[in-house]
1. Just want to confirm a number: the relative contact order over the chain, from Cα pairs under 8 angstrom separated by 6+ residues, in percent.
2. Using Cβ counts within 10 Å as a stand-in for footprinting exposure, how do THR193, THR236, THR171, THR43 rank, fewest first?
3. Would you mind ranking HIS74, HIS253 by Cβ crowding within 10 Å, fewest neighbours first?
4. Let a ≥ b ≥ c be the square roots of the eigenvalues of the Cα gyration tensor of the range 113-235; is it rounded (a/c under 1.5), or, if not, prolate (a/b larger than b/c) or oblate?
5. Report for the chain the percent antiparallel among DSSP-assigned beta bridges with both residues inside it, nearest 5.
6. Excluding TYR145 itself, calculate the net charge of residues whose Cβ lies under 15 Å from the Cβ of TYR145, where each Lys or Arg counts +1 and each Asp or Glu counts -1.
7. Over all distinct Cα pairs, what is the inverse of the mean 1/r for the chain, reported as the Kirkwood hydrodynamic radius in Å?
8. So which GluC sites (Glu not before Pro) in the range 46-147 are both in a DSSP loop and have at most 14 other Cβ atoms within 10 Å of their Cβ?
Amino acid sequence: MNRRDLLKSASLLPLVPTTNELITTLPATARKRSLRFAYIGDTHIFPDKKPMDGVAKCFQNVQEQRDKPAFILHGGDVIMDALKEDRDKVQKQWDAWHSVSKANNSLPIEYCIGNHDIWGFDGAKADPMHGKKWAMDQMQISGRYRSFNKGGWQFIVLDSVQPKADGGWYTGGIDPEQLEWLKGELSKLDKKTPVLIMSHIPIVSVTGFAFATNVKDGNWQIPAGIDLPDASQLITLFYEHPNVKACLSGHMHLLDRAEYNGVSYMCNGAVSGNWWKADTYQQTHAGYALFDLYDDGTIERQYISV
Ligand SMILES: [Fe+2]
């Protein structure tokens, strides 16, 4: 075949784009947005001017978005701390939350329980509200873990905060009963339904490596209160269910995104920054996130400093 014939036959071949071309030449309609929602977390509110004003400003920013989110997902640690406080002090923190949200927010809120939302006051162990019950009542959630569908995506909210073996609070973990429930939920879902998992404590996170205090005797030692000790088991479970696309977390007050086995593990900063002592914690500014979920299982996040 001479050069002319070669060129002629080559022109009949379908054009095979390079990977980069494939990405840039895909039509914009290749995926459709299923849902936009706002993630806010680690608000740590208490009845002082700074946290009250700060949470109000965050809510207002969410409401003012031209491309408005459908709802708010709160990643936990709504209030400053219920762990060792008496009833009166805890009630005042929940009241602060409800008054600010009522005055500044018109969107529905879905909640995940954070470690600081749990009432661990020693003197109230016999009180029916002790532990997670009070937080669940305030959040008006049906259970400490649950699942719901929005925009074609399945949201699975986990309870990642557990008592230590000696009964003291707290450590990170998914208890056996909850793990069985999670396996059942994933099994019964249509394999085409994309899944977003929310846990207050991260399942997988880069943020533990931001703290030199996690190096002990020359080795990294990431506590269970930073990354769930069940991570390996969960990673294996998600590998068996590739429709699990994203795992969101709070707790660390830091912003990261780790991609592993096709799952985006995302820690999402904090509205309170450094627990209202400063606007920035480590290198993450106080803020919240806007999430866009697409029908092809992809997810995009925009972090907004407040
Ligand atoms: Fe927190």
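1. In percent, rounded to a whole number, it is 19.
2. Going from sparsest to densest Cβ surroundings: THR236, THR193, THR171, THR43.
3. If I rank by nearby Cβ atoms, fewest first, I get HIS253, HIS74.
4. oblate
5. Approximately 60 percent, going by the DSSP bridge assignments.
6. That sum, taken over residues with Cβ under 15 Å, equals -3.
7. Here the Kirkwood hydrodynamic radius works out to 20.9 Å.
8. GLU64
Read-outs: derived from the displayed coordinates by stated rules, not from any lab. These numbers were taken from a predicted model, which means no experiment stands behind them. We place every Cβ from the backbone using ideal geometry, glycine too, and count neighbours over all the protein chains shown.
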